[in-house]
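Have a look at the structure below before the remarks.
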Amino acid sequence: MAVLNQDPSSKQIFYGWYGTCPESSSDECSSFDLFNKDGGGNITGFKHPEIYYASITFSDNKSEKSFASYLSLLVGKFGLQSLECGKPYKITINEGSGSIDIPEFSETNIDSSGPELYYLAPK
C-alpha cells in the first residue's frame with residue numbers, strides 16, 4: 001500500500017506498480033476506481049479529488065491511456081477509469097495538505113547507492 005502525500009505548494013508525481021503485494025491474500029487484488037458511478041454504470045463524479053492525473057502507457061510505447069480530473073466527466077468514459085492489477089502507472093496528485101491511500105500501489109523512485117548505480121527501488 002502507498003500513502004501519497006500532497007504538498008501545499010505544488011503537484012506531486014509518483015510512479016509505481018499497482019497490484020504487486022495484496023494485503024489480505026496473495027491471490028486477491030481489486031481495481032482502484034477513479035470515478036463514482038451510478039447503478040447503471042454511468043460516471044457521476046470524480047471519486048478521489050486528490051488525484052489530478054493518472055496514466056498508463058500502451059504496449060506500443062507511443063501513447064498513453066489517461067485520467068485527467070481537469071477534463072469533463074464526459075471524456076472520462078474514453079480514458080482510464082481505474083487502476084488495474086499488475087500494471088505500472090504514473091499518478092499526479094493535486095496541491096494540498098492531505099494524502100490519498102491507494103491499497104496495492106507500490107511507489108517507486110530513483111535511488112542511488114553509489115556514484116554510478118541508479119535503479120527503481122520500492123519506497
Tell me, which strands (runs of 3 or more DSSP E) wholly within region 34-94 include 1 or more residues that are touching a Gly at 6+ places or on another chain (Cβ under 7 Å) and of a type in the set (S, T, N, Q)?
35-37, 64-68
If you take the residues of region 96-123 that are among the polar types (S, T, N, Q) and modelled with pLDDT of 90 or more, which of them is nearest to the chain's Cα centre (by Cα)?
SER99
Verdict on SER69 being more than 11 Å from the chain's Cα centre (by Cα), hydroxyl-bearing (Ser, Thr, Tyr) and modelled with pLDDT under 90
no
Taking ILE13, is it in contact with a helix residue (DSSP H, G or I) (Cβ under 6 Å, 6 or more places away or on another chain) and either more than 15 Å from ILE91 (Cβ to Cβ) or at pLDDT 90 or above (or both)?
no
Pairs where the first residue, in region 52-75, is on the phi > 0 side of the Ramachandran plot and the second is among the hydrophobic types (A, V, I, L, M, F, W, C) and not in a strand (DSSP E or B), C-beta under 6 Å, 6+ apart:
none
Considering each of GLY45, GLY19, GLY76, GLY39 in turn, give the residue that is out of contact with any His (no Cβ under 7 Å at 6 or more places or on another chain), over 21 Å from GLY96 (Cβ atoms) and loosely packed, with under 13 Cβ neighbours inside 10 Å.
GLY39
Meets criteria (under 21 Å from ASN109 (Cβ atoms) and either modelled with pLDDT under 95 or outside any strand (DSSP E or B) (or both)) for ASP7
yes
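The values are calculated or read from the model by the stated rules, or taken from the named source; none is laboratory data. Since the model is a prediction, treat every value here as computed from it, not as a measurement. Note that each Cβ is placed from the backbone with ideal geometry, even for glycine, and that neighbours are counted across all protein chains shown.
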